[in-house]
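Participant: This is the structure I want to talk about, given as structure tokens.
Each reported figure results from applying straightforward, stated rules to the coordinates on display, with no laboratory input. Please read these numbers as outputs of a predicted model, since none were measured by experiment. Heads up, the Cβs are rebuilt from the backbone with ideal geometry, glycines too, and the neighbour counts pull from every protein chain shown.
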2 protein chains.
Amino acid sequence: MKACDSRYSQCLYFASSALSRKVEKLATECWAPVGLSPSHGYLLMIAIEEPGVQPSFLVEQLQLTPSTITRLIEKLEEKKLVVRTTEGKITNVYPTPKGKDMLPALKACGQDFHERYAAQLGDRESTALVSSICQMTDKLKV
Amino acid sequence: MKACDSRYSQCLYFASSALSRKVEKLATECWAPVGLSPSHGYLLMIAIEEPGVQPSFLVEQLQLTPSTITRLIEKLEEKKLVVRTTEGKITNVYPTPKGKDMLPALKACGQDFHERYAAQLGDRESTALVSSICQMTDKLKV
DNA sequence: CCTATTCATTTGTACATACAAACATTGGGA
DNA sequence: TCCCAATGTTTGTATGTACAAATGAATAGG
């Protein structure tokens, strides 16, 4: 069945979560080649491009909660892709050489993802959708 | 920070998941009065309005996977809001009297949710957003 | 200088969801 | 008639995310 045919298709709750699940799935597929989830992949990219980045900054960039960021970093640390150094109350995240080597592959995943959804949704349309979603997200104070 | 200011704000992955998390949160708030998550609430509503409904139908309506539907039903069963009867390979879900009594409250939650997001996003705008999200979801074959 | 507050991060726990595999039932073809 | 494939559902397990509380560090007020 198509999403539009559901009795709740006109409800923002179902609309947004259905979209996000599908997008998550596509993204997961695109990041599979590097063995990371999209979130982990993006986090690692930021850590490579901004070595020493702090969790608080990642919270802002990835729009996730602090605890989630900690968990993401933990996993990348297990995989020896980043290391954490803690000094006082601040923590810095650095990519390991092994992590750094992945940059091209990571970028390719991101590009692949973008190309795939743009191809399916249309270039103009997907850009428009993203920007209106973004606007709405900012308007929504929960 | 605003979602639009993130370096990945133009990426559908972040856009859709950020929106969905915010919407989920608002919806969760709106359903708190009945002590159910939005998904549970909607599922119960369908079960009340279509007694004997089968999991496969709920899968379509709620756009969730079969296993998730089973889990949702399980929880409602624990709370004595629905009962399951299995005959052969098909299962029917019926609301209990206790479940049925909740219908007005459930509808109120749904309405409250709709009013709240419409008030924040604008009536026209939110409707337009929902419909374009829905269209895009259908276009996206993962 | 000490204490109270605030800040950055982590930890314990919980939840919604999914995938893969298992299970049971049904229907069709050899 | 019997087996095999398809169907509907459930189970085991894993993942991403969040909240609330805990920790540890910096800062400000008396």
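Participant: Mind checking which aspartates and glutamates have their C-alpha under 15 Å from A:K100, skipping anything on the same chain fewer than 8 residues away?
Facilitator: By straight Cα distance, A:K100 reaches A:E49, A:E50, A:E77.
Participant: Just the number: Rg to Rh for segment B:27-127, Cα atoms, Kirkwood Rh, two decimals.
Facilitator: Across segment B:27-127, the Cα-based Rg/Rh ratio is 1.02.
Participant: Further, regarding this structure: Going by amide H atoms built from the backbone, whose H comes under 5 Å of the H on B:G52, apart from near neighbours?
Facilitator: It is B:V93, B:Y94, by chain and number.
Participant: Another question, then. Pull up all non-local amide H partners of B:V82: gap of 5 or more, or a different chain, and H-to-H distance under 5 Å with H placed in the peptide plane.
Facilitator: B:E77, B:T96
Participant: Which part of segment A:1-38 falls in the paramagnetic zone of A:R71, meaning amide N under 20 Å from the point 7 Å along Cα-to-beta-carbon?
Facilitator: What the label zone holds, given the 20 Å backbone N cut-off, is A:17-18, A:20-29, A:31-32, A:35-38.
Participant: Which of the residue pairs A:K25/B:K79; B:K2/B:K107; A:K25/B:K22; B:K107/B:K141 have a Cα-Cα distance greater than 26 Å in the structure shown?
Facilitator: Going by Cα-Cα distance, A:K25/B:K79; B:K2/B:K107; B:K107/B:K141 fall outside the 26 Å limit.
Participant: If you place +1 on the Cβ of every Lys and Arg, -1 on the Cβ of every Asp and Glu, and leave all else neutral, what size is the dipole of chain A about its Cα centre, to the nearest 20 Debye?
Facilitator: Taking the Cα centre of chain A as origin, the dipole is about 360 debye.
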